[in-house]
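The values are calculated or read from the model by the stated rules, or taken from the named source; none is laboratory data. Values in this document were obtained by computation on a predicted structure and should not be read as measured data. Counting neighbours? That spans all protein chains shown, and the Cβs are built from the backbone with ideal geometry, glycine included. Please note that ligands, DNA and RNA were not included when accessible areas were found on the heavy atoms of the full protein model with its side chains. Shrake-Rupley method; radii C 1.70, N 1.55, O 1.52, S 1.80 Å.
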Amino acid sequence: DDDVDENLRLKYRYLDLRKGKMQRNLRFRHAVAKVTRDYFDEQGFTEVETPVLIKPTPEGARDYLVPSRVNPGAFYALPQSPQMYKQLLMASGTDRYIQIVKCFRDEDLRADRQPEFTQVDLEMSFVDEDDVIAVQEGYLKRVFKDVMGIEIETPFPRFSHKEAMERFGSDKPDTRFGFELVCLSEAVKDSAFPVFSGAVAAGGDVRGVKIDGGAAAFSRKDIDKLQEAVKVFGAKGLAWIKWAADGQFSSSVGKFFTEPELLRLTELFSGKPGDLFLMVADESKTVFDSLGFLRREIAGRMGLLRDDVYKLLWVVDFPLLEYDGEAGRYTAVHHPFTAPNPADVALLDTEPGAVRALAYDIILNGVELGGGSIRIHDRALQAKMFRVLGMTAEDAESKFGFLLEAFRYGVPPHGGLAYGLDRLVMLLLGEQSIREVIAFPKNQTAVCPVSGAPGAVEPAQLEELSLHRVVTP
């Protein structure tokens, strides 16, 4: 009986795991791991274990730190990824590396996130983007066939980051349903509705989605709830047009548009009687985030998110860098070892935000399964990337000197990818939380309910580690 409070299930996990469903989930996970090792072995990969106690770096998420007893005052970090070690393996002549590896991130938890998680981590030498993608498509095709008994078609569709955002409002597009975004900016730039015309004049965007058959399915109260929901993403409001089945229009912006003007707007959506049109006007990021959320939220309410439909795709051509206004510098969208598109390298000096990355994410039903990139293999370009990210030569040497030193001895062109194994298994099983596919998961406060970890330690242990407890009021 699954109708039990989750906290109780996790506390008595050894009893919870007796259930048939949980045993099936663990066996399914085992099968995915076995297929993974078999497939990559057949493809010439070598499984290599990388260190779990590594050097702390301030890049990325927050590290879990481990104090060193024999080096007082010094700390190890638990790896967020084996990234630098697998690049060193490429320099060492291990042409194809694979590892099913534990990784750790000290961050806030969600249904699909844990403080410790398992990655299928891999790297390949002498490859380009197409080579990596081809091997991964073969892997996923094998997993679906051997574990699920499902034949999937390859190659998967590819969308540039720009196209994914403009069509779906997300860099993790769910293509199991329609509701694609439509740009209205040109059509409404001189509109009498100041929210629309003002957004365009300010350099923003006006876009919308058409909900087929939504005029009858969504009441005014339903739309008001959607309007409140998009405020979380910064949207100030949600404009709407209902085109009833009898041909009549009703709209939140009706007093600013004549009926012929409303009709022309709906024509931009290829609309028809019975449809609902939802529009957001704001800066581009707010528009994309709001409509990206709306299209999936509405699809869920309309029963269009079927668990037995699997839509796999790639998103490529991500921005290499994004500007952090608070820090006053550019930061890496993926990580500082991602190679820029060769056609954009000159822009690193003049327009860093316009540089595209040789990066790629694999998406299943609107969820990122994994991501990777072609790496920088030129020492001078890697040093330049560190400078663009605001690091001094001393900073770069302190944090990544061992990698730069290895590059002096030559490293082949290389690239790789990492999957979240927990997330992959969760999606294939149709579960809503990765806690359903992990034997002993942590709860929302990063506590192990079975053992009570993390726990206090004795003062003598702290003293051995040259640490002392600080009690704050």
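In the range 176-214, what count of residues is obtained for those that are under 28 Å from the mean Cα position of the chain (by Cα) and of a type in the set (Val, Ile, Thr)?
Here the count works out to 4.
Could you tell me which residue of the range 401-441 is nearest to residue 12 (Cα to Cα), considering only residues that are open to solvent by less than 20 Å² (accessible area, probe 1.4 Å) and among the hydroxyl-bearing types (Ser, Thr, Tyr)?
Ranking the candidates gives 433 first.
Taking the criterion of being in a loop (DSSP other than H, G, I, E, B), within 19 Å of the chain's Cα centre (by Cα) and surrounded by 15 or more Cβ atoms within 10 Å (Cβ to Cβ), would at least one residue in the range 281-298 satisfy it? Walk me through how you get there before you give the answer.
Going residue by residue through the range 281-298, those that are in a loop (DSSP other than H, G, I, E, B) are 283.
Among the residues that remain, those that are also within 19 Å of the chain's Cα centre (by Cα) are: none.
No, the range 281-298 contains no residue that is in a loop (DSSP other than H, G, I, E, B), within 19 Å of the chain's Cα centre (by Cα) and surrounded by 15 or more Cβ atoms within 10 Å (Cβ to Cβ).
Taking into account only those residues within the range 299-312 that are open to solvent by 10 Å² or more (accessible area, probe 1.4 Å) and not in a loop (DSSP other than H, G, I, E, B), which is nearest to residue 136 (Cα to Cα)? Please lay out each step first, then the result.
We begin by selecting, within the range 299-312, every residue open to solvent by 10 Å² or more (accessible area, probe 1.4 Å); these are 300-312.
Checking the rest, the ones that are also not in a loop (DSSP other than H, G, I, E, B) come to 300-301, 312.
Details: 300: 29, 301: 33, 312: 12 Å.
Once the filter is applied, the top-ranked residue is 312.
Could you please let me know if residue 454 is on the phi < 0 side of the Ramachandran plot, outside any helix (DSSP H, G or I) and surrounded by 14 or more Cβ atoms within 10 Å (Cβ to Cβ)?
Numbers: on the phi < 0 side of the Ramachandran plot: yes; outside any helix (DSSP H, G or I): yes; surrounded by 14 or more Cβ atoms within 10 Å (Cβ to Cβ): no.
For residue 454, the condition - on the phi < 0 side of the Ramachandran plot, outside any helix (DSSP H, G or I) and surrounded by 14 or more Cβ atoms within 10 Å (Cβ to Cβ) - is not met.
Looking at (1) out of contact with any helix residue (DSSP H, G or I) (no Cβ under 7 Å at 6 or more places or on another chain); (2) surrounded by 19 or more Cβ atoms within 10 Å (Cβ to Cβ), can you tell me which one residue 206 breaks?
(1)
Return yes or no: is residue 50 assigned to a helix (DSSP H, G or I), under 26 Å from residue 80 (Cβ atoms), touching a strand residue (DSSP E or B) at 6+ places or on another chain (Cβ under 7 Å) and not hydrophobic (A, V, I, L, M, F, W, C)?
no
Could you grab me the full set of residues in the range 442-473 that are in contact (Cβ under 8 Å) with a residue 12 or more places away in the chain, of a type outside the set (Asp, Glu) and farther than 30 Å from residue 9 by Cβ?
If the condition is that a residue be in contact (Cβ under 8 Å) with a residue 12 or more places away in the chain, of a type outside the set (Asp, Glu) and farther than 30 Å from residue 9 by Cβ, then 465, 466, 467 are the ones that fit.
Being polar (S, T, N, Q) and closer than 17 Å to residue 42 by Cβ is true for just one of 57, 118, 154. Which residue is that? Walk me through it before giving the result.
On the way: 57 fails: closer than 17 Å to residue 42 by Cβ; 118 fails: closer than 17 Å to residue 42 by Cβ.
None of the other options fit; the residue is 154.
Being under 32 Å from the mean Cα position of the chain (by Cα), at pLDDT below 95, surrounded by 15 or more Cβ atoms within 10 Å (Cβ to Cβ) and closer than 30 Å to residue 138 by Cβ narrows it down to one residue among 315, 333; which is it? Before you say what the answer is, go through the steps one by one.
Working: 315 fails: at pLDDT below 95.
Within the list 315, 333, the selection yields 333.
Tell me, yes or no, whether the range 183-204 has at least one residue that is in a strand (DSSP E or B), at pLDDT 95 or above and closer than 20 Å to residue 260 by Cα.
Checked against the condition, which is being in a strand (DSSP E or B), at pLDDT 95 or above and closer than 20 Å to residue 260 by Cα, the range 183-204 yields at least one hit.
Do you know which residues across the range 336-365 are acidic (Asp, Glu) and either part of a helix (DSSP H, G or I) or open to solvent by less than 50 Å² (accessible area, probe 1.4 Å) (or both)?
Let us first name the residues in the range 336-365 that are acidic (Asp, Glu), namely 344, 349, 351, 361.
Residues satisfying the conditions are 344, 349, 361.
How many residues are aliphatic (A, V, I, L, M) and open to solvent by 50 Å² or more (accessible area, probe 1.4 Å) if we restrict to the range 366-386? Before the answer, list the steps.
Filtering the range 366-386 for residues aliphatic (A, V, I, L, M) gives 367, 369, 374, 376, 380-381, 383, 385.
Next, from what is left, pick out any that are open to solvent by 50 Å² or more (accessible area, probe 1.4 Å): 380.
Matching residues across the range 366-386 total 1.
When you scan the range 372-401, how many residues do you find that are in contact (Cβ under 8 Å) with a residue 60 or more places away in the chain, in a helix (DSSP H, G or I) and out of contact with any helix residue (DSSP H, G or I) (no Cβ under 8 Å at 6 or more places or on another chain)?
Going through the range 372-401 one residue at a time, the tally reaches 1.
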